[in-house]
Amino acid sequence: MKFKKILIILFFINFIFLKNSFSSDSEIYKKIDLFGEVLEKINKEYVDEIDQSESMDAAIDGLLQSLDPYSGYMPPKIFDEMQTDTSGEFGGLGIEVTMEAGVVKVISPIDDTPASRAGIKAGDYIVKIENTQVQGKSLSEAVDLMRGPVGSSIELTIRRRGEKKALIFEITREIIEIKSVKADLLDKNIGYLRLTSFNENSAQQIENEIKKLEKNKELKAYILDLRNNPGGLLSQAITISDFFLENGEIVSTKSRKSSENRKWFAKKGDITNGKTLIVLINYGSASASEIVAGALKDHKRAIILGENSYGKGSVQSIIPLKNKGAIRLTVAKYYLPSGKSISEVGVSPDIEIDEKLDDFKIKTETDNQLNYALKLLNG
């Protein structure tokens, strides 16, 4: 405990030094002094003894989350676990989440995972994990509560739009293996490509499946299914968009520093030879999914069908820290070729069709959006 107090003292000595060096920022340092006073009062007066290290972690996370729902602090353990997410395998329930109004919000459940099989939907709010209220927890704390030994069960209490009562789900944890691409040939002449996430191998998998489908001489069109795809790596979104485009801008980013603004353009060569393309999206289509759908829509390369997408149009940079943790910080925003921002707006479909299914297995008799797309392509 003495060691922790010394760390806190050193922390504030450092700020006092900065205060003397930058006297013009006196108002900021008054707030820092106030923070120190509050921490001292908590240590002396709070009903239970607190872990000062955890309190500081929570303060850092609170600062970052006050900026936007996607910025946050990751302690070393969480950061270590996060690094496995984009490499294809991680433990848990199979949901992409964010924090909104102090509650965990589901961006999207991942196909064929415990969460999707249980019936968790994009837009659901997780208000309780087991017997623990989520309100007041940081996103990393909530995620940590949802992780656990493979085979163990967890109870989630959900609030869902349109439902008056809370929904309770009992879910068994599994090792989540992300198989981001599924492909099939529908009606003997339509290539179906389902992309469930943008991990480091997604573009290569899509390209391989297109090459296989292109061997069919009767092939006349493609359906690219991005429903419930929470996004992932920007590089993969750019490459996959490029597969269907001959030229033109794919996406741009604008940041605080104009020198860091960037644009990405398509290279010549549509690997589908310009075949008709329909892209399926829904509220669970976010981030990289919106970049692909938006670029193909703006270039009039594809018909976008389904529901309005999620609206996550910002770029987060993972910045490692000396303690082997990291911060996730929003550093830029995405802009479509039209110049429109995706943030909080999303991509609107050309043809709006509300979905009426809970899982996304290829069942045209129950999947009304896919069925509509097939009828559209078959005239």
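Rounded to the nearest whole Å³, what is the per residue volume of the convex hull around the Cα atoms of region 285-379? Intermediate results must be reported in sequence, preceding the final value.
Working: hull volume 12.0 nm³, N = 95.
About 126 Å³ per residue, rounded to a whole number.
In a shell of Cβ-Cβ distance under 11 Å around K297, excluding K297 itself, what net charge do Lys and Arg (+1) and Asp and Glu (-1) give? Could the numbers behind the result be given before it?
Details: positive: K300, R301, K340; negative: E290, D298, D350.
Value of the local net charge: 0.
Let me know the volume per residue of the alpha-carbon convex hull for region 87-231, in Å³. Show your work: numbers first, answer last.
Details: hull volume 17.9 nm³, N = 145.
Dividing the Cα hull volume of region 87-231 by its residue count gives 124 Å³.
Suppose each label sits 7 Å from its Cα in the direction of the beta carbon; what would the E163-I175 distance come out to in nanometres?
The answer from the label model is 3.1 nm.
How big is the Kirkwood radius of the chain, worked out from every pair of different alpha carbons and given in Å to one decimal?
Values: mean 1/r = 0.0441 Å⁻¹.
Evaluated over the chain, this radius sits at 22.7 Å.
Using the Karplus curve 6.51 cos²θ - 1.76 cosθ + 1.60 with θ = phi - 60°, what ³J(HN,Hα) values do you get for each residue of region 261-266, in whole Hz, with x for Gly and Pro?
Values per residue, Gly and Pro as x: 5, 9, 9, 10, 10, 6 Hz.
Just name one of T366, Y283, I353: the one whose Cα is farthest towards the positive end of the charge dipole of region 232-379 (beta-carbon charges, Lys/Arg +1, Asp/Glu -1).
Y283
Quick one: net charge around K267, please, counting Lys, Arg +1 and Asp, Glu -1 for every other residue with C-beta under 11 Å from its C-beta. Intermediate results must be reported in sequence, preceding the final value.
Values: positive: K268; negative: D242, E246, D270.
That sum, taken over residues with Cβ under 11 Å, equals -2.
How much net charge surrounds A286 when only the other residues with a Cβ under 12 Å from the Cβ of A286 are counted, with Lys and Arg +1 and Asp and Glu -1? Walk me through the numbers on the way to the answer.
Details: positive: K105, R227, K312; negative: E96, E290, E344.
Net charge around A286: 0.
Which trypsin sites (Lys or Arg not before Pro) from region 125-185 combine a DSSP loop assignment with at most 11 other Cβ atoms within 10 Å?
Values: sites: K128, K137, R147, R159, R160, R161, K164, K165, R173, K179, K182; in loops: K137, R147, R160, R161, K164, K165, R173, K179.
Answer by residue number: R161, K164, K165.
Placing one identical point scatterer on every Cα of region 259-301 and ignoring solvent, what is log10 I(q)/I(0) from the Debye formula at q = 0.15, 0.31 Å⁻¹?
The calculated log intensity ratios at q = 0.15, 0.31 Å⁻¹ are -0.49, -1.23.
Counting only the backbone N, which residues of region 224-254 are under 16 Å from the spot 7 Å out from the Cα of S338 toward its beta-carbon?
The answer is 249-252, whose backbone nitrogens lie closer than 16 Å to the label point.
What residues qualify as long-range amide H neighbours of I250, i.e. H under 5 Å apart, gap of 5 or more or another chain, H built at 1.01 Å from N?
Those qualifying (amide H under 5 Å, at least 5 residues apart or on another chain) are W264, F265, A266.
Counting pairwise Cα distances across region 177-280, what percent come out greater than 15 angstrom? Provide the component values of the computation, followed by the final result.
Numbers: 3464 of 5356 pairs.
In whole percent, the share of Cα-Cα pairs in region 177-280 beyond 15 Å is 65.
Between D350 and S255, what is the FRET efficiency for a Förster distance of 35 Å, r being their Cβ-Cβ separation, to the nearest 0.05? Each step should come with its number before you reach the end.
Details: r = 30 Å, r/R0 = 0.87.
Rounded to the nearest 0.05, the efficiency is 0.70.
Please report, in whole Å³, the volume per residue of the convex hull around the C-alpha atoms of region 212-338.
Values: hull volume 16.4 nm³, N = 127.
Value for region 212-338: 129 Å³ per residue.
Using only helices, what value at 222 nm comes out for the chain when you add -39,500 (n - 2.57) per DSSP H run of length 4 or more and divide by the total residues, to the nearest 500 deg cm²/dmol? All intermediate terms of the calculation are to be shown ahead of the outcome.
Values: 10 runs with 118 residues, N = 379.
Theoretical 222 nm ellipticity from helices: -9500 deg cm²/dmol.
Not counting the cut sites, what is the longest span of the chain without chymotrypsin sites (Phe, Trp or Tyr not before Pro) that DSSP labels loop and that have at most 14 other Cβ atoms within 10 Å? Let's see the in-between values first.
Working: sites that count: F22, Y46.
Answer - 47-379.
Rule-based calculations on the coordinates, nothing more; no lab input. Note that the structure is a prediction, hence the values are computed from the model and not measured. Ideal geometry is used to build each Cβ from the backbone, glycine not excepted, and the neighbour counts take in all protein chains shown.
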